[in-house]
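The values are calculated or read from the model by the stated rules, or taken from the named source; none is laboratory data. Owing to the predicted nature of the structure, the values given are computational and were not obtained by experimental measurement. With ideal geometry, Cβ positions are generated from the backbone for all residues, glycine too; neighbour counts draw on all protein chains shown.
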C-alpha cells in the first residue's frame, strides 16, 4: 500500500510511527499523573519475547507480536502492584530501576544471546501495518480524551486526593493505564524487532527514554496530538540538521527541551501556552481609556 | 414523636497522630435531613473528624457507620459512591480548568457508557451530564463564570465552585469544611441560603464554620469540639449558653 514511497522515506516513516507508539505508551501514564520511566524496559521485553518466539520456536510473526503484548501487559500489571504505591520522584526512580533491571538482565542471560542480541529475525512488519496500528491507537486516545475516562485521568493528574473524593477509583485507573502502557511499549518493541531484523539490549538503554520524554514534554501531556507532532517534528529536524547522529544531537535535544520548559512548562500544545500566544498576537486593547 | 434516624454515626471514634490525639472518643450522630454544625477552636480536631468521616483517614479507635454500615476499610472513592461528598478547608479545585470542567468531573459517577459507546448514545449521555452540571453552576450563582479558569477566580467564587462540584455527585450527606472562610458577608449569606435550600430538598449537611451567625441561622443542632472531644451537642441557643462552650472559646478566669 505504501510501496510508492521511496525506500528511505518509508524507513523514516516506519521509525517515526514506532516512536509514536512508544511516546503514546508513555503519555497515557503521564496523563494519569504517573511519572514512570519503565517504558524502555517493557519495549525490550516485547521485542525479545516476539524475537525469541519467532526465531527459536517458529511462531508466526503476528502471533509473536500478540504474545509480546500479552507479556508486556502481564509484567506491567504485576510490577504495577508494588511500584504504583510510589509517587512522584520515587515512582520515577522505582520504574527506572525496573527498566534497567530488565535491560541488564537481558544482556546477562544466555538464551537472549546477551549483549550481542539477536539477528535474522523475520521481518514482516510493513508500513501499512504500522499506519493501521497507530491509527487505531490514536483513535482510542481520542475516544478516551473525549469521554469521562479522559476527564477522570486529568482529574487524577491534577489532584488525586480530590479526584478520589469525587468517586474516581484512582488506583484502578493507574493500574489500567500502567498495564495498557506496558502492553503498548511491548508492542512497539516487537514491531521494531520485526522491522529491523535485529535486537540488542543497548537499543533500550536510558538514551531512548530521554528521547521519548523530550518528545512528550515538548508536545505537552494534555492531548495526544502534541507529543505526536513533536515526534514528527523532531524526526524532520533530525533529518535536516547536519549534526544528527553526532554528539551534538544530544546537545540540541537538551537545548530544545530546556527552552520549551522555560517558555511553555506544560508543552507547546498546552492551553496555557496557546492562550499566551494568542494574547501576544492579538492586538492589546488600548489601556489609556 | 419518632426517634430521628442517624445517617452517619461516630461511635467512640479516636484518631492519634503519634502522641497527639486529634480526635478523642467522639460519639456523634448526624441525623437524616438535619444540618449539623460543628464548631470549635482552631486545632480542636474538626477537619480531622471530617477526614475520618470521608475515609481520607482511618480512625485509630472506634467505628464510623454510614447509613447503618461501617465504613471501616472504605476508600474515599467508595464512600463518594455511597453518597458522601465533601469540600476542603483549603479549597481543592482542578486548577487551570474551567468551572464547567470542575463540576463535570464531579459527575464522574453519573456516566455509565463504556469507551466503545459511540455516536448518539454517547452524545446524549454527555449532554445530559453537562446539563446537570450547568444546573448546579446556576444554582450556585456561577452562570456567568461557567467557562472561566478557576485559577483566576476569587476565593469566594472558588469556594462556590467546590460546593457545586461536591453536589454534582448527588450525595446524601454533604460535609462542608469552612465553606464561608474568606467570603464577604453577602457571599456567606448566600451560602447560608443555599444550605437552607438543600435541607429543604432533603439533604443532610455537616457544616464546619467559625461564623457564629451563619451556624445559628442554618443549623438544627450544633456540636462543639474542644481538644478532640465533643463538649456539647444541642440546639444552637442551648449550645451558646453552655458554660463549657464559653470556657473553650473565651477561657476561664483561672489560670492553668
Subject >> Checklist (1) under 30 Å from residue A:229 (Cβ atoms); (2) surrounded by 14 or more Cβ atoms within 10 Å (Cβ to Cβ); (3) more than 11 Å from chain B (Cβ to nearest Cβ) applied to residue A:121, failing item >> reply: (1)
Original post:
Tally time: how many residues in the range B:167-203 are within 14 Å of chain A (Cβ to nearest Cβ) and within 18 Å of residue B:34 (Cβ to Cβ)?
Top reply: 8
Original post:
Can you pull out the residues in the range B:98-115 that are more than 14 Å from residue B:157 (Cα to Cα) and in contact with a helix residue (DSSP H, G or I) (Cβ under 8 Å, 6 or more places away or on another chain)?
Top reply: B:101, B:104, B:105, B:106, B:107, B:108, B:109, B:110, B:111, B:112, B:113, B:115
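Just checking, which of B:95, B:63, B:78 is part of a strand (DSSP E or B) and either under 18 Å from the mean Cα position of the chain (by Cα) or surrounded by fewer than 17 Cβ atoms within 10 Å (Cβ to Cβ) (or both)?
Details: B:95 fails: part of a strand (DSSP E or B); B:78 fails: part of a strand (DSSP E or B).
Testing whether each residue is part of a strand (DSSP E or B) and either under 18 Å from the mean Cα position of the chain (by Cα) or surrounded by fewer than 17 Cβ atoms within 10 Å (Cβ to Cβ) (or both) leaves just B:63.
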Original post:
With respect to residue B:42, is the statement that it is without any contact (Cβ under 8 Å) to a residue 40 or more places away in the chain and either under 23 Å from residue B:180 (Cβ atoms) or within 14 Å of chain A (Cβ to nearest Cβ) (or both) true?
Top reply: yes
**OP:** Test each condition in (1) more than 11 Å from every other protein chain (Cβ to nearest Cβ); (2) more than 30 Å from residue B:248 (Cβ to Cβ); (3) buried (at least 18 other Cβ atoms within 10 Å of the Cβ) for residue B:127 and report the one that comes out false.
**Re:** (3)
Original post:
Filter the range B:130-145 for residues that are surrounded by 19 or more Cβ atoms within 10 Å (Cβ to Cβ) and assigned to a helix (DSSP H, G or I); which is nearest to the other protein chains (Cβ to nearest Cβ)?
Top reply: B:133
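Can you confirm whether the range A:159-172 contains a residue that is part of a helix (DSSP H, G or I), more than 11 Å from chain B (Cβ to nearest Cβ) and more than 19 Å from residue B:91 (Cα to Cα)?
If we filter the range A:159-172 for residues that are part of a helix (DSSP H, G or I), which is where we start, we get A:160-165, A:170-172.
Filter once more, so that each one left must be more than 11 Å from chain B (Cβ to nearest Cβ): none.
No, the range A:159-172 contains no residue that is part of a helix (DSSP H, G or I), more than 11 Å from chain B (Cβ to nearest Cβ) and more than 19 Å from residue B:91 (Cα to Cα).
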Subject >> First in the range A:59-87 and under 17 Å from residue A:99 (Cα atoms) and not assigned by TED's automatic domain parsing to the domain that holds residue A:190, second anywhere and assigned to a helix (DSSP H, G or I) and at pLDDT below 95, Cβ under 6 Å, 6 or more apart >> reply: none
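Scanning for something within 16 Å of the chain's Cα centre (by Cα) and more than 14 Å from chain B (Cβ to nearest Cβ), does the range A:194-201 turn up at least one residue? Even if it seems obvious, please write down each step before you answer.
Quick first cut of the range A:194-201, residues within 16 Å of the chain's Cα centre (by Cα) only: none.
No, the range A:194-201 has no match at all.
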**OP:** Would you check if there is a residue in the range B:213-235 being in the same structural domain as residue B:67 (by TED's automatic domain parsing), within 13 Å of the chain's Cα centre (by Cα) and part of a helix (DSSP H, G or I)?
**Re:** no
Original post:
Just one of B:22, B:85, B:55 is touching a residue at least 40 places away in the same chain (Cβ under 8 Å), over 29 Å from residue B:242 (Cα atoms) and in contact with a helix residue (DSSP H, G or I) (Cβ under 7 Å, 6 or more places away or on another chain); which is it?
Top reply: B:85
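Taking residue B:117, is it assigned to a loop (DSSP other than H, G, I, E, B), surrounded by 15 or more Cβ atoms within 10 Å (Cβ to Cβ), modelled with pLDDT under 95 and outside the structural domain of residue B:43 (by TED's automatic domain parsing)?
yes
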Subject >> Residues of the range B:98-115 classified as facing another protein chain (nearest Cβ under 8 Å) and more than 29 Å from residue B:204 (Cβ to Cβ), total >> reply: 2
**OP:** With respect to residue B:182, determine if the residue is out of contact with any strand residue (DSSP E or B) (no Cβ under 8 Å at 6 or more places or on another chain) and assigned to a helix (DSSP H, G or I).
**Re:** no
**OP:** Collect the residues in the range A:109-139 that are more than 16 Å from residue A:14 (Cα to Cα) and assigned to a loop (DSSP other than H, G, I, E, B), keeping them in residue-number order.
**Re:** A:109, A:110, A:111, A:112, A:113, A:117, A:119, A:120, A:121, A:122
